[in-house]
Amino acid sequence: MPNGLLANAGYLEGEPGRPAVLVLHGFLQTQDFPTVRRLADSLNEELGYPVLTPTLTLSISDRRSSLACEAVQRHDMEEAVAEIGAWVKWLKERGHRRIVLVGHSTGSVMIAAYLPRAAPEVKHAILISLTHFGPGQAVFRNEANGGVQRARKIMREGKGKELGNFPIAYCRRYVTTAEKILGYYTWDEARVLEALAHSPVPMTAIIGSEDHRMGTNWTTAIGRIPKLEMRIIEGADHFFDAEHEFSLLDAIDELLQRVTNGR
């Protein structure tokens with residue numbers, strides 16, 4: 001990887017002529033996170049797409065396990081975006097000229113951050129359960145706002161490389177430095193929306209109607225992005241469990257067929 005660490009991924013060969021699909025996991029997870037694993041296997045086994053499922057290093061060489069919130073975290077957003085670019089290059093070097101990026105939860109945020117610099121071979125981005133970092137996450141009732149202010153205060157005091165506890169994503173006690181956490185916090189609602197608005201790549205956001213992590217205002221804001229198509233799957237939560245995994249697969253298959261047919 002660009003950071004000098006070794007990274008691993010699963011790669012499932014597909015039928016000739018189909019676009020390659022890169023499926024990215026959410027915060028602190030791996031390629032084996034259930035939502036990602038089910039989707040990747042179904043896209044390949046049932047529909048014949050070649051599928052790549054990277055595990056972000058999170059600053060750990062050859063990482064294969066998810067990380068606990070309380071573990072010491074040394075990674076940041078820029079590292080994740082660089083690794084997405086490295087995996088897109090890996091697909092290109094193996095002859096794939098049409099690539100679709102699929103992210104789940106914060107994996108979608110990282111893909112959104114990558115899109116402004118996306119390679120021409122990236123033809124579409126599918127953002128499942130799209131979220132953002134920083135204030136506004138319903139799960140914390142705006143506690144993250146205090147984390148932002150505290151991290152900035154620590155930076156002003158010149159202690160940005162000292163470890164501390166901060167709230168982020170689903171973690172109430174996330175152990176990292178103020179310098180690293182601010183790299184995530186800056187990807188708040190406004191910055192994610194700005195990145196989407198300036199994306200050169202067509203995008204689709206797929207949201208479950210019962211996903212209450214971000215609130216209805218966030219879904220409305222996403223829906224206002226001119227270049228982004230919104231899909232709401234009734235009854236689905238953040239993870240598209242049970243029967244909703246089939247609705248998710250159908251929606252993604254329809255989008256991939258568009259790319260296959262050059263639309």
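Values in this text are rule-based calculations from the coordinates and carry no lab data. Worth saying up front: this structure is predicted, and the values here are computed from it rather than measured. In this analysis, Cβ positions are derived from the backbone assuming ideal geometry, glycine residues included, and neighbour counts consider all displayed protein chains.
Between residue 250 and residue 92, 0.36 nm times their residue separation minus their Cα-Cα distance comes to what? Full extension of this stretch gives 54.3 nm more. Computed extension gain for residue 38 through residue 5, at 0.36 nm per residue and net of the alpha carbon distance, reaches 9.2 nm. Footprinting exposure proxy ranking of 216, 57, fewest other C-beta atoms within 10 angstrom first, gives 216, 57. Per DSSP H run of at least 4 residues, take -39500 (n - 2.57); add these up for the chain, divide by its residues and hand me the 222 nm value, nearest 500 deg cm²/dmol. It comes out at -11000 deg cm²/dmol, rounded to the nearest 500. Indicate the gyration tensor shape class of region 112-263 (rounded, prolate or oblate), computed on the Cα atoms with a ≥ b ≥ c the square roots of the eigenvalues: a/c under 1.5 is rounded; otherwise a/b larger than b/c is prolate and the rest oblate. In terms of gyration-tensor shape, prolate. Springs join every pair of Cα atoms under 10 Å in this Gaussian network model of the chain, and among 84, 225, 181 the largest mean-square fluctuation is at 225. Near residue 184, once Lys and Arg are set to +1 and Asp and Glu to -1 for all other residues with Cβ below 12 Å from its Cβ, the sum equals -3.
Extension gain, residue 210-residue 117: 0.36 nm per intervening residue step, less the Cα-Cα distance, totals 30.2 nm.
Charged neighbours of residue 207, selected by a Cβ distance under 12 Å, balance to -3 (K, R count +1; D, E count -1). Comparing mean-square fluctuations of 205, 242, 169 from a GNM of the chain with C-alpha springs under 10 Å, the top value falls on 242. Spin-label model, residue 156/residue 186: points 7 Å from Cα along the beta carbon direction are separated by 1.8 nm. By the beta-carbon count within 10 Å of each Cβ, the least crowded to most crowded order of 6, 52, fewest first, is 6, 52.
When 70, 179 are arranged by Cβ crowding within 10 Å, least crowded first, meaning fewest neighbours, the order is 70, 179. Taking Cβ atoms as reference points and 11 Å as the exclusive limit, the residues near residue 70 contribute a net charge of +2, counting Lys and Arg as +1 and Asp and Glu as -1. Provide, for q = 0.11, 0.15 Å⁻¹, the log10 of I(q)/I(0) from a solvent-free Debye sum over equal Cα point scatterers in region 27-186. Debye output, listed in q order: -0.48, -0.85. The lysines within cross-link reach of residue 180, meaning a Cα-to-Cα straight distance under 16 Å and a gap of 8 or more places when in the same chain, are 153, 159, 161.
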